[in-house]
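Data first, discussion second: the structure below is written as structure tokens.
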Amino acid sequence: MSPPSAEHWFGTTTFGQDIFAQFVHGLRSSFAVGAIGGGIAAVIGMLVGFTAGYRGGVVDEILNMLTNVVLVIPALAVLLIANAYLGIRSVTVQGLFIGLTQWPWAARAIRAQTFSLRTREFVDLARMSGAGTWRIITREIAPNMSSYLFMTFILLFGGSILIASSLDFIGLGPTDAVSLGLMLQNATQWSALQLGMWWWFVPPGAAITAVVGALYVANVGLDEVFNPKLREL
């Protein structure tokens, strides 16, 4: 229960564990979940959004129906059930489940952008030259949306960290790693607040807030850079 000192920068827990060491490992696990979950959600969202937006017709209706079905499913409830009953508690599996439930809104946004680009002249020229669907998407449409896709990934990255922290805090986090959410859960479980051990729960809570807030600010800033209409005169 030592407070922060030169020997233990963030103090120690009631068991004498160094909180700074847990904090560093927790950052790594949280960033890993964000990268895995955000990456999977971004890839699925791009595949569904590009295909639905470019092909249109029956393909668009089917993919849009699938997106709406996944969109109305309570993602947190599904994640709670999966983590509680499957018995697989690892950073990779947690990121996989988060990614499989967070892609619908990204797919809808990318689909709308693709709809507006598929009627442009450069896309018509590529289609007239005999280019295939995926060649047009990867060579003509996606490059013109690169900034938008990057900002989408940033939002998915931050959202994955928040969801993972929520699961960890209620005791459904990975059992093979330390994360910021698990640090908060352990601090709550061992009455750190009642004992006045602020150094146990403030660093992970502040880190989650700082990381997600920084990602949001970066997304807003990039939006102003890439969108001339939002630039301040």
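Numbers below:
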read-out	value
Given (1) surrounded by 20 or more Cβ atoms within 10 Å (Cβ to Cβ); (2) touching a Pro at 6+ places or on another chain (Cβ under 9 Å), index of the condition Thr92 fails	(1)
Within region 118-225, helices (runs of 4 or more DSSP H) holding 3 or more residues that are crowded, with 21+ Cβ neighbours inside 10 Å and either at negative phi or modelled with pLDDT of 85 or more (or both)	146-169, 180-189
Which listed residue, of Ala75, Ala84, is modelled with pLDDT under 90, open to solvent by less than 40 Å² (accessible area, probe 1.4 Å) and more than 30 Å from Arg135 (Cα to Cα)	Ala75
Considering residues of region 125-149 that are in contact with a helix residue (DSSP H, G or I) (Cβ under 6 Å, 6 or more places away or on another chain) and of a type in the set (Gly, Ala, Ser) only, the residue nearest to Gln113 (Cα to Cα)	Ser147
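The values are calculated or read from the model by the stated rules, or taken from the named source; none is laboratory data. Please read all numbers here as calculations on a predicted model, not as lab measurements. Using ideal geometry, Cβ is built from the backbone for each residue, glycine included, and neighbour counts are taken over all protein chains shown. To get the accessible areas, we keep the full protein, side chains included, count just its heavy atoms, and leave off ligands, DNA and RNA. Shrake-Rupley method; radii C 1.70, N 1.55, O 1.52, S 1.80 Å.
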